[in-house]
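So the structure is just underneath, and the comments pick up after that.
The values are calculated or read from the model by the stated rules, or taken from the named source; none is laboratory data. Worth saying up front: this structure is predicted, and the values here are computed from it rather than measured. All Cβ positions, even for glycine, are placed from backbone atoms using ideal geometry, and neighbour counts span all protein chains on display. All accessible areas refer to the heavy atoms of the entire protein, side chains included, with ligands and DNA or RNA removed. Shrake-Rupley method; radii C 1.70, N 1.55, O 1.52, S 1.80 Å.
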Amino acid sequence: MRIQPRQQLLDIWRATARSSFRGGRWVWGGREGANSISDAEQLLCIVLPATTLTSFALDNPDNTLDDVRDALRALGNASEIPRRLVGVLTEYFERYSAEDGTPLFHGGSYFAPAESDEKPATAQLELDVVESYAVSITLTLAAISFARTFGTIVKRPESVAEVTRLEQLASRRLTGAMVGLLRSFTINAFDVDDDKRYGRSLMAMANQGSLPDRQFTTEFSRQLRDVTAGLRDLTIGSGLVRDLDSPGRLYECGWSWGVIEGAPEIDFVQDPQIVQRKGYAQDAPYLYFSVVALDGLADLFAPRTRRQGLLSELQLRLANALNIRWDMTQAYWAAIATFGGGRWPLEDLPWLTTDGVESDYFSLLVTSMSARDLAERRGTDIDLSRLGQVLTELANRARITRRPFQGDVGVGVHFPGIRVSLDGTELYGPKLSWQATDFAPLLLKRSVRVAELINDIELRRQLLELIDEVWDHVLKRRHVDIAGGDTWRGLWDQPANVFSSITERYDQPSWHHTVRVVESLLFSATMTTGSPLRDEGISAFAANLLAEADHLLDQEQLAGSTEAGPQLRGEIQSVRSSIDRAREIVFGRPGSATALLLEALRKLDQLAAARQGPPGVT
């Protein structure tokens, strides 16, 4: 890959620190204004790498690397940086808490009117939203992990108290976010010929083989048998549906945009500061918010969370309930995306939702869920390569890897983006919507994730070429020069840089886009630090070289080379070291082992030739 994740992450840290810490204080807000989501994403641009990659760690000043310290010099020296982060994280958790300490997950300035120019009512801006729950899970886990380690370093009582308070605030918000996600999960069950045409829309997308209605519903029940069984046993939070097994019954599952209307309270959560408000969102899943929820929950179920013991006993119980929903949602959408035995529904672009809206952006969302499910099930390289082909086609259609033409509708996924209507908000004022414009960084993130899963060298190479092209596109969309200074230079997103048809230029960065790039770079770093793929042909060749080298070394030792002078003994020892090193790495790095063995064989041949004397001499 042409991506250099370490250097790029350090550049983002410089830009984030320069733009966010001014005049001795942290400045909240970006293009979307200050709200519980954007402000969390702003913090994650620094906190996520610091708690994910060891070489970016900030929680022990003595171990902070020089280039890491220099990238954040706007925040102070190695000792001041973690203390400042403790203060800013605490400020965030207090900023989005009520006076009594209740965590708040308001959508705020992310809400926009769906059709009219009316301003959202105050009550609407204060509605909790799933994206805030999801990003809070990622941020709070990172904050708790950071506080746990830094808390062992600080000695002053006031510093210990600050770190302890940070961990308490983060843990409380984590509980609130988990409760919110449990009450926002939904199963939308319907008949083939329901009044809202959900059934017909699902069949239009999934029934690529044009099966008769009865045969399709039978096959639907068969392929989703395990998912249906898992969903039928839900007992906590929302999403309780009892008739999923009825003949001719179809359904979809996932997360709505907020706590669904009629969501029951979770009775074993007795903390008075975890308020379970009355539900208000449509009782049906949204693709966008389902993917957002799955991304947040992925951090909750990561091995690091378990190893570090970041969850309390109550949170572990909530996590078990969420884990069922996480597994079932991924399995459901992966099954729908690959339904049937021929062409996948996912390959029939664009994706059509059950409410009759179609977009390549929805195809990208379904691809992300399918990739995650294949990762859990250790899917085949063939399946993953088909996902890679879908991602390649999406990049073409969105004019990321192809030149746009005049009036090209493909540019629309970048600007103005996809508007998601939020059913249920009309009860409190004008109907609201949610704008999604992160197609390019999301495509990059998913492509890196799929490439990481592929074990075939050629298939991975093809996808890495796509990643390089998408990265070149994304890189061009950084803020470069803005009137009034370079405050935002190096942050995202300025689509007008690459699409001449977009005339609007933003004067502030989007933390939503920037943190998506950070996530992509972290995936890239993880793939880079992993073991290289093995080619069976090279592995077999290296094994043959190792056998030959061992045999020739034994011959030299038998011929008495070890009893010769110091120079010859040194040569033999060097050869033996090379062979031993090759033996250690031959299974994981056969190419490197081959290089070592070829050099060892060259030296052994020189020793053998020297012992035989010049040609013609007997």
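Kindly evaluate D438 against the criterion of being of a type outside the set (S, T, N, Q) and more than 20 Å from the chain's Cα centre (by Cα).
The answer is no for D438.
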Among the residues of segment 245-274, the number that are open to solvent by less than 10 Å² (accessible area, probe 1.4 Å), part of a loop (DSSP other than H, G, I, E, B) and not β-branched (V, I, T) is 3
Reported set for segment 90-119 where residues are in a helix (DSSP H, G or I) and open to solvent by less than 50 Å² (accessible area, probe 1.4 Å) is T90, Y92, F93, G108, Y110
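Out of the residues in segment 352-368 that are more than 22 Å from the chain's Cα centre (by Cα) and outside any loop (DSSP other than H, G, I, E, B), state the one that is surrounded by the most Cβ atoms within 10 Å (Cβ to Cβ).
So the first thing to find is which residues in segment 352-368 are more than 22 Å from the chain's Cα centre (by Cα), and the list is 352-358.
Subsequent filtering for residues that are outside any loop (DSSP other than H, G, I, E, B) retains 352, 358.
On the way: L352: 18, E358: 15.
Here the answer is L352.
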I137 surrounded by fewer than 23 Cβ atoms within 10 Å (Cβ to Cβ) and in contact (Cβ under 8 Å) with a residue 40 or more places away in the chain: no
Expected single match for at pLDDT below 95, on the phi < 0 side of the Ramachandran plot and open to solvent by less than 10 Å² (accessible area, probe 1.4 Å) among A331, A335, A371 is A371
Among the residues of segment 370-427, the number that are farther than 19 Å from E458 by Cβ, of a type outside the set (K, R) and not in a helix (DSSP H, G or I) is 18
Q) Is it fair to say A34 is within 21 Å of R478 (Cα to Cα), assigned to a helix (DSSP H, G or I), touching a residue at least 40 places away in the same chain (Cβ under 8 Å) and of a type in the set (G, A, S)? A) no
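If I go through segment 14-40 residue by residue, how many of them are among the aliphatic types (A, V, I, L, M) and more than 27 Å from N77 (Cβ to Cβ)?
Step one: filter segment 14-40 for residues among the aliphatic types (A, V, I, L, M), giving 15, 17, 27, 34, 37, 40.
Now restrict to residues that are more than 27 Å from N77 (Cβ to Cβ): 34, 37.
Count: 2.
Residue-by-condition table, conditions (1) in a helix (DSSP H, G or I); (2) under 22 Å from L346 (Cα atoms); (3) out of contact with any helix residue (DSSP H, G or I) (no Cβ under 9 Å at 6 or more places or on another chain); (4) at pLDDT below 90:
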site: R165; (1), (2), (3), (4): yes, no, no, no
site: L169; (1), (2), (3), (4): yes, no, no, no
site: V179; (1), (2), (3), (4): yes, no, no, no
site: I187; (1), (2), (3), (4): no, yes, no, no
site: D195; (1), (2), (3), (4): no, no, yes, yes
site: M205; (1), (2), (3), (4): yes, yes, no, no
site: F220; (1), (2), (3), (4): yes, yes, no, no
| request: Would you mind stating whether S145 is in contact with a Ser or Thr (Cβ under 6 Å, 6 or more places away or on another chain), assigned to a helix (DSSP H, G or I), modelled with pLDDT of 95 or more and under 15 Å from F93 (Cα atoms)? | output: no
Counting only residues in segment 178-196 that are over 16 Å from R232 (Cβ atoms) and of a type in the set (A, V, I, L, M, F, W, C), the one farthest from the chain's Cα centre (by Cα) is identified as V192
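To keep it simple, each residue is scored yes or no on (1) in contact with a strand residue (DSSP E or B) (Cβ under 6 Å, 6 or more places away or on another chain); (2) under 23 Å from R343 (Cα atoms); (3) of a type in the set (A, V, I, L, M, F, W, C).
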| residue | (1), (2), (3) |
| --- | --- |
| R183 | no, no, no |
| I187 | yes, no, yes |
| D191 | no, no, no |
| D195 | no, no, no |
| R200 | no, yes, no |
| S210 | no, yes, no |
| T218 | no, yes, no |
| R222 | no, yes, no |
| R225 | no, yes, no |
Those residues of segment 164-182 which are open to solvent by 10 Å² or more (accessible area, probe 1.4 Å) and over 20 Å from D39 (Cβ atoms) amount to T164
L349 passes all but one of the listed conditions (1) without any contact (Cβ under 8 Å) to a residue 60 or more places away in the chain; (2) in a helix (DSSP H, G or I); the exception is number (2)
Filtering segment 278-314 down to residues that are closer than 20 Å to T425 by Cβ and out of contact with any Leu (no Cβ under 9 Å at 6 or more places or on another chain) yields K278, G279, D283, A284, P285, F289, V292
Looking across segment 378-404 at residues that are among the basic types (K, R) and either without any contact (Cβ under 8 Å) to a residue 40 or more places away in the chain or touching a Gly at 6+ places or on another chain (Cβ under 6 Å) (or both), the single one that is least open to solvent (accessible area, probe 1.4 Å) is R399
Of the candidates T228, T235, the one satisfying the condition of being under 30 Å from the mean Cα position of the chain (by Cα), within 29 Å of Q315 (Cα to Cα) and open to solvent by 70 Å² or more (accessible area, probe 1.4 Å) is T235
Note on segment 567-585: residues of a type in the set (S, T, N, Q) and either touching a Cys at 6+ places or on another chain (Cβ under 6 Å) or open to solvent by less than 70 Å² (accessible area, probe 1.4 Å) (or both) are S574, S577, S578
- Filter result for S132 (in contact with a Lys or Arg (Cβ under 7 Å, 6 or more places away or on another chain), surrounded by 21 or more Cβ atoms within 10 Å (Cβ to Cβ) and assigned to a helix (DSSP H, G or I)): no
Task: Residue match in segment 502-519 (condition: open to solvent by less than 10 Å² (accessible area, probe 1.4 Å), out of contact with any strand residue (DSSP E or B) (no Cβ under 8 Å at 6 or more places or on another chain), of a type in the set (A, V, I, L, M) and assigned to a helix (DSSP H, G or I)) - done: yes
* Within segment 466-485, identify whether any single residue is acidic (D, E), open to solvent by 70 Å² or more (accessible area, probe 1.4 Å) and outside any helix (DSSP H, G or I), and answer yes or no. => yes
Considering residues that are in a loop (DSSP other than H, G, I, E, B) and free of Cβ contacts under 8 Å to residues at least 40 places away in the same chain, the number found within segment 1-28 is 4
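Restricting to segment 412-427, name every residue that is farther than 21 Å from Y506 by Cβ and open to solvent by less than 20 Å² (accessible area, probe 1.4 Å). Lay out the reasoning, then the answer.
So in segment 412-427, the residues farther than 21 Å from Y506 by Cβ come out as 421-427.
Within segment 412-427, L422, G424, T425 meet the criteria.
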Any residue at all in segment 62-71 that's in contact (Cβ under 8 Å) with a residue 12 or more places away in the chain, assigned to a helix (DSSP H, G or I), open to solvent by 20 Å² or more (accessible area, probe 1.4 Å) and not charged (D, E, K, R)? no
When (1) of a type outside the set (K, R); (2) under 30 Å from A123 (Cβ atoms); (3) crowded, with 23+ Cβ neighbours inside 10 Å are applied to V450, the one that fails is (2)
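Here is a check on your reading of the model: is G87 assigned to a helix (DSSP H, G or I) and over 23 Å from the mean Cα position of the chain (by Cα)?
On the way: assigned to a helix (DSSP H, G or I): yes; over 23 Å from the mean Cα position of the chain (by Cα): yes.
Judged against the criteria, G87 is a match.
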